[in-house]
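**Q** Structure below; questions to follow.
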Amino acid sequence: METEPPFDAFARACPSRETLEHVTGRWGSLTVGALRDGSCRFNELRRKVDGVSEKMLSQTLQALERDGVVHREAQPTNPPRVDYELTPLGIEIADRLLALIHFLEASMPRVIGARESYDTRRGGR
């Protein structure tokens, strides 16, 4: 039986790079994080991810669905209803992303201090 070669995101040709980009990009990580609380309709998700355009959210959801991170469920109603939720893989990813997001939020006083110090050394911004 042939086994898959190990994946190495540091290698240029590794397919994991594309998924890494999808889940760690600004809109991908915020979308995955927003879906951790449960299923959302498109416009509800767009309100949660403040600032994302309709086009960008749609592209993000399609990429995450293709990667197996998000499940899209279309209801045969009039008007059509589409719900998005995380897959089991998506839940695992969201838990890790949210840990990073919460760490960064808690670290913002240090980040802001570092930025101010940097800007002062560089002559302001």
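**Q** What is the range 1-92's relative contact order, in percent, from Cα pairs under 8 angstrom and six or more apart in sequence?
**A** Numbers: 101 pairs, mean separation 24.0, N = 92.
After rounding, I find 26 percent.
**Q** Next up: Given charges of +1 on the Cβ of Lys and Arg and -1 on the Cβ of Asp and Glu, with all other atoms neutral, how large is the dipole of the range 16-121 about its Cα centre, in debye to the nearest 20?
**A** Details: 15 positive and 16 negative charges, 48 e Å.
Dipole size: approximately 240 debye.
**Q** Oh, and also: How far is the Cα center of the range 77-109 from the Cα center of the range 24-54, in Å?
**A** 7
**Q** A further question on this structure: Checking a compactness column here: for the chain, what do you get for Rg(Cα) / (2.2 N^0.38 Å), N being the number of residues?
**A** On the way: Rg = 18.2 Å, N = 125, 2.2 N^0.38 = 13.8 Å.
Ratio of Rg to 2.2 N^0.38 Å for the chain: 1.32.
**Q** Compute the long axis of helix 88-121 from its Cα atoms, compare it with the longest principal axis of the Cα atoms of the chain, and write down the angle in degrees, 0 to 90, nearest 10.
**A** With both axes taken from Cα atoms, the answer is about 20 degrees.
Bear in mind these aren't lab numbers, they're just calculated from the coordinates by the rules spelled out. Small disclaimer: the values here were computed from a predicted structure and weren't measured. Note: ideal-geometry Cβ built from the backbone for every residue, glycine included; neighbour counts use all protein chains shown.
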